[in-house]
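Here is the structure we will look at, set down as structure tokens.
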């Protein structure tokens, strides 16, 4: 079978329309609030979203007590909450992952594929330095959230 390989380009409006093109957000919330309010947001762009899963952060963070409708904890296509009491542990996990990433080792990862109507495989280049920078931003966001006693909402 002849399979077309497509390298995702964030500047392509056609690529941004693909279902494989995923982004996410992390919101500061207070679980005890009687109505929903986000007190701050960290956007996860498509590159860092793919790297987040590629480097196994959902699996590493799954040991924390996430609350989610599906009961799957932190997972793609789901919304999950993490209580402020677990944010210090989250940053420990982020620190360990950051230390394990080789900033010189660029990778091209497979995001997904389909066979019909034609075979197409979707790939993304992962820039480890860019992702390490994002993890630093995430770490600071988590630390500030913890200091202010916010809980976190993950929309992946």
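What follows draws every value from the coordinates through simple rules; no lab data is involved. Quick caveat, the model's predicted, so the values are computed rather than measured. Note: ideal-geometry Cβ built from the backbone for every residue, glycine included; neighbour counts use all protein chains shown.
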Practice problem: Could you please rank 77, 113, placing first whichever residue has the fewest other Cβ atoms within 10 Å of its Cβ? | Solution: 77, 113
Quiz prompt | Kirkwood Rh and Cα Rg combined as Rg over Rh, evaluated for region 26-82 | solution = 0.98
Quiz item: In what order do 126, 109, 14 fall by count of nearby beta-carbon atoms within 10 Å, going from fewest to most?
Solution: 14, 109, 126
Quiz item: So what's the back-of-envelope 222 nm ellipticity for the chain, counting only DSSP H runs of four-plus at -39500 (n - 2.57) apiece and dividing by all residues, rounded to 500?
Solution: -10000 deg cm²/dmol
Quiz item: If you build a Gaussian network model of the chain, linking Cα atoms that sit under 10 Å apart, which residue out of 34, 108, 92 swings the most?
Solution: 34
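Return a whole-number percent for the relative contact order of the chain, with Cα pairs under 8 Å and 6 or more residues apart as the contact set.
Details: 247 pairs, mean separation 52.7, N = 156.
Over the chain, the number comes to 34 percent.
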Quiz item: For region 91-156, what is the relative contact order in percent, using Cα pairs closer than 8 Å and at least 6 residues apart in sequence?
Solution: 31
Quiz prompt | Among 68, 19, 85: highest mean-square fluctuation, GNM of the chain, C-alpha pairs under 10 Å | solution = 19
Quiz item: On a 0 to 90 degree scale, rounded to 10, what angle separates helix 87-100 from the longest Cα axis of the chain?
Solution: 40
Practice problem: For region 73-156, state what percent of all Cα-Cα pairs lands in each successive 10 Å bin, counting from 0 Å until the bin that includes the largest distance. | Solution: 15, 33, 32, 15, 4, 0
Practice problem: Measure nothing fancy, just the Cα-based angle from helix 128-147's long axis to the longest principal axis of the chain, in degrees from 0 to 90, nearest 10. | Solution: 20
